[in-house]
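All of the numbers you see were taken from the coordinates with simple rules; none came from a lab. Everything numeric in this text was worked out from a predicted model, so none of it was measured. Here the Cβ positions follow ideal geometry from the backbone for every residue, glycine too, while neighbour counts run over all protein chains shown.
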Amino acid sequence: MRSTQTIHPSFSRTLLCAALLTLTLLGGCAKMEDMFTFTSKTQNVQETVDNLAIQGMDEYNVGKYFKARQHFTEILEKYPFSKQAMLAELKSADCNYFLGHYPEAQTLYQSFEQRYPTNEAIPYVMYQIGMCNYQRIDRIDRDTSGATSAIRDFSRLLRTFPDSPYTSDAQARIRAAHEFMSNHEYFVVQYYLRNNKLDQGVRRLKYIISTYPDAEITPRAQELLNQIEAGNAPQGGLSAWFSGLSLPNWQTWVPGK
């Protein structure tokens with residue numbers, strides 16, 4: 001006769017609980033492993049970003065702007081939400097500026113200002129936006145948009161942060177840009193005189209005197225205007241009247257320099 005073994009109900013419940021506990025522990029181990037893996041990956045990413053920032057700053061501090069820019073660009077492209085992205089964006093702008101890539105630098109400075117409008121570096125950023133345009137000021141016979149844009153940008157800085165560390169330099173560069181503009185206008189007078197267009201020359205001289213009364217070129221413009229109106233317009237030697245026209249040294253108007 002086959003023996004029959006009866007399993008006590010309490011023992012069955014014990015086996016079930018043990019099985020469930022085993023499954024729970026196994027599932028928990030998997031989750032804990034995922035958690036440690038995620039933490040490890042996060043730490044590795046942070047170390048990579050930190051290393052890129054350190055390498056970028058090391059290159060930047062010794063004037064290797066091209067190599068530095070590569071590190072900062074990698075941060076922006078691969079880790080745009082990292083805590084180092086703000087630094088990378090600002091220093092990428094600086095690298096482009098010192099490499100002479102002024103339009104690219106200006107775009108990055110403007111992007112930084114839009115992203116971080118309350119950052120303590122904003123006065124510097126606004127000054128650099130002005131410098132990108134100031135650096136575009138060319139010869140006296142060329143386009144004057146760099147000067148007009150620089151005046152606009154530096155004036156914005158002075159209105160927004162009148163007591164920033166860049167106030168004196170911004171004021172001096174505005175004065176230099178104004179001098180450039182007046183010199184440009186005076187240079188145009190030479191064209192009219194050489195082509196015997198005295199009426200246009202007179203109008204331009206009067207414009208200079210009224211628009212730039214404090215410019216260094218204004219007394220010369222007034223003297224030339226007086227001579228033309230007296231009927232003694234110069235017939236030759238015009239070069240002497242129009243010499244030394246350029247962008248003056250801005251440091252002339254910095255207090256203490």
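In table form, for the structure just shown:
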| read-out | value |
| --- | --- |
| Residue exposure sequence - Phe180, Phe187, Phe242, Phe66 - by fewest surrounding Cβ within 10 Å | Phe66, Phe187, Phe242, Phe180 |
| 10 Å-binned pair-distance histogram of segment 43-100 (Cα, whole percent) | 28, 57, 14, 1 |
| Extended-chain gain in nm, criterion 0.36 nm per residue less alpha-carbon gap, Leu76 and Arg194 | 37.0 nm |
| Percent RCO, i.e. relative contact order, over segment 43-100, from Cα pairs under 8 Å lying at least 6 residues apart | 34 |
| Sorted by Cβ density within 10 Å, fewest first, the residues Lys206, Lys91 | Lys206, Lys91 |
| Phi-based couplings in Hz for segment 126-142 (Karplus 6.51, -1.76, 1.60; Gly and Pro marked x) | 5, 5, 5, 4, x, 5, 4, 6, 4, 5, 8, 5, 10, 4, 5, 9, 9 |
| Cα-based Lys proximity count in segment 35-175, under 23 Å, for pairs eight or more positions apart or on separate chains | 9 |
| Distance in nm between pseudo-label sites at Ser111 and Thr211 (7 Å out along the Cβ direction from Cα) | 3.6 |
| Backbone HN-Hα couplings from phi across segment 155-161 [Karplus 6.51/-1.76/1.60, Hz, Gly and Pro as x] | 5, 4, 4, 5, 5, 7, 10 |
| Per-residue Cβ neighbour rank within 10 angstrom, fewest leading, Arg156, Arg173, Arg139, Arg204 | Arg139, Arg156, Arg204, Arg173 |
| Karplus-derived HN-Hα couplings along segment 206-215 (A = 6.51, B = -1.76, C = 1.60, θ = phi - 60°), whole Hz, x at Gly and Pro | 5, 5, 4, 5, 7, 7, 10, x, 9, 5 |
| Simple spin-label estimate for Arg152 and Gln227 in nanometres, 7 Å along Cα-Cβ | 3.7 |
| Contact order normalised by residue count of segment 82-174, Cα under 8 Å, 6+ apart, percent | 20 |
